[in-house]
Amino acid sequence: MFGKGKINIIRTFALGLVFGGMIVMYGSFLMNTPWAMWLFMILGLLMVIASTLVYFWIGYISSTRAVYVLCPNCNKQTKMLGKVDECMHCKQKLTLDPQKATDVKTTPMKETK
């Protein structure tokens, strides 16, 4: 799942923040001094809050700015952020920019009089 499209990369980062925050909070129990315990608890809590903000942010972006396209490789619908992204299902490189497209076979247009 890691590395399949921009949306999933950001979601994976947010999930890592959640687990990292939990690990940091559990690490606070290994501390002998109260101030270090509080420091680890606050840092872990801030990481969990940051992951919540990242989840809200990517949810907003993926529902308002993402473009739905049909992947030519696996024929499944996927979301794209920006002009270049990957298919969430098969990792096919996708683009909305015709200048960067590689597999497009264009035929010259005939001039009409």
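Just so it is clear, none of the values below were taken in a lab; they were calculated from the coordinates. Treat the numbers as computed from the prediction; the structure is a model and nothing was measured. Glycine also receives a Cβ, built like all others from the backbone with ideal geometry; neighbour counts cover every protein chain displayed.
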Inset, instruction - Provide, for the chain, the number of lysine pairs with alpha carbons under 23 Å apart, each pair being eight or more places apart or on different chains. - result: 26
Legend entry - Using alpha-carbon coordinates, inclination of helix 34-64 to the longest axis of the chain, degrees: 20
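With +1 assigned to the C-beta of every Lys and Arg and -1 to the C-beta of every Asp and Glu, and no other charges, what is the dipole magnitude of the chain about the Cα centre in debye, to the nearest 20?
Numbers: 13 positive and 5 negative charges, 107 e Å.
With only Lys, Arg, Asp and Glu charged at Cβ, the dipole is about 520 debye.
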